[in-house]
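> The structure under discussion is supplied below as structure tokens; questions concerning it will follow.
Read the figures in this text as sums done on the coordinates, not as results from a lab. This one's a predicted model, so the numbers in the text were calculated from it and none came from an experiment. We place every Cβ from the backbone using ideal geometry, glycine too, and count neighbours over all the protein chains shown.
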Amino acid sequence: MNKSTHYLFAVLISLFLTGAVTVDLFSQMIIRHPVEILNGINTGTILATVNPAFTQNSITNVFDGNNLTMAGVQNTNDLSITLAFTDTVSFSRCKIYFWSAGDWSLEIADSENDLNSTSGSYQLLVNQQPHSAFAEDSTDFSTQKAMYVRFKAHTSQGNYIYLGEWNLIGNLILTQLYIYPSPVKVIPGTTLQLRVKALDANNTVYDYPESEALVWSTGNNSIATIGEFGELNGVALGNTSVTVRSFSNSISGQTTASVVTYF
């Protein structure tokens, strides 16, 4: 997301908070969403420790979202990656992609001491699960919360481990929709394409998930009408509400559209 896009969304959120864009605060949509590990590493909110250190490429390749880039170690049968979070991380799925065959484990704890001593808050979530080369593997479990997460890989086939990707996936609760561009203005006889972003309870901006269709409507069709994909058509001068909701009605948002002679 570039600087101008960040600025646009900041303006939109400001409009939302001041009431220019209104939403249903009592609705929510729960979706699966990956923990943004690479962003956390880059910003210093996640500390990643690799043992032994990668001999090919770097930790960036493990969390870049691309199975076809990898990081690897040679002359060893074991690899561990420990993530230390400044804030508690919550997740319910672990997904990996290897370029080499072997097995993998996943451990969590609330302190480094518990993790290293396998005591106290320590939990072993995945225990030596076998995997194939150039294949994705994943495990689901009840939602876990931890400050430390350790991934371990082992191979008995050769003395190298190549890891394409590692993802922790949690549940993201979307609570609000907003409509943009904002303010919404259109001239009679013209069309304006409206779009939607989603917010969580902290007003963090996310793309709306494509898994569920959106339903659009206007409050007064004599002022403006809207198509099924958010095409707003100006009919006559005046103001009318524009509402968008998910097909299941689990989350919605509303703003005011103005049909004007010029702007």
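> At what distance in nm do the modelled label points of Val215 and Asn127 sit from each other, each positioned 7 Å from its Cα along Cα→Cβ?
Result: 4.8 nm between the two label points.
> Ordered by residue, what ³J(HN,Hα) values in Hz, to whole numbers, does region 107-113 give under the Karplus form 6.51 cos²θ - 1.76 cosθ + 1.60, where θ = phi - 60° and Gly and Pro are x?
10, 9, 6, 9, 8, 5, 5
> Right, something else. For region 92-114 and region 75-91, what is the separation of their Cα centres, given in Å?
Result: 7 Å between the Cα centres.
> Taking the chain as the reference, fit the longest principal axis to its C-alpha atoms, fit the long axis of helix 3-17 to the helix C-alpha atoms, and give the angle between the two in degrees, 0 to 90, nearest 10.
That helix lies at roughly 60 degrees to the long axis.
> Can you tell me what percent of all Cα-Cα pairs in the chain are more than 23 Å apart?
The proportion of pairs with Cα distances above 23 Å equals 61 percent.
> Relative to the present Cα-Cα distance, how much length would full extension add between Thr69 and Val260 at 0.36 nm per residue of separation?
63.6 nm
> Scan around Lys185 for amide H atoms under 5 Å from its own, H built in the peptide plane at 1.01 Å from N, and keep only partners 5 or more places away or cross-chain.
Ser258
> Could I ask something else about it? Which GluC sites (Glu not before Pro) in region 120-229 sit in a loop by DSSP (not H, G, I, E or B) and have at most 15 other Cβ atoms within 10 Å of their own Cβ?
Listed in order of number, the matching sites are Glu210, Glu212, Glu228.
> So, one more: In Å and from the alpha-carbon atoms only, list the Rg and Dmax of region 32-172.
Just the Cα atoms of region 32-172 yield Rg and Dmax of 13.9, 40 Å.
> Which ³J(HN,Hα) values in Hz, rounded to whole numbers, follow from the phi angles of region 167-175 under the Karplus curve 6.51 cos²θ - 1.76 cosθ + 1.60, where θ = phi - 60° and Gly and Pro get x?
10, 9, 10, x, 9, 9, 9, 8, 10
> Still on this structure, please answer the following. In nm, what is the difference between 0.36 nm times the number of residues separating Gln28 and Ser138 and their Cα-Cα distance?
36.9 nm
> Separate question: Between His154 and Thr45, what is the FRET efficiency for a Förster distance of 25 Å, r being their Cβ-Cβ separation, to the nearest 0.05?
0.30
> Could you give the length gained on full extension between Thr88 and Gln193, defined as 0.36 nm per residue of separation minus the Cα-Cα distance, in nm?
In short, 33.9 nm is gained.
> Taking amide H atoms as placed 1.01 Å from N in the peptide plane, list the residues 5 or more away in sequence, or in a different chain, whose amide H sits under 5 Å from that of Phe134.
Amide H neighbours of Phe134: Phe98, Trp99, Ser100.
> Lys185: which aspartates and glutamates have alpha carbons under 15 Å from its alpha carbon, excluding same-chain residues fewer than 8 sequence positions away?
Result set, ordered by chain and number: Glu231.
> Right, here's the next one. Magnitude of the Cβ-charge dipole of region 118-263, K/R +1 and D/E -1, about the Cα centre, nearest 20 debye?
Value, rounded to 20: 400 debye.
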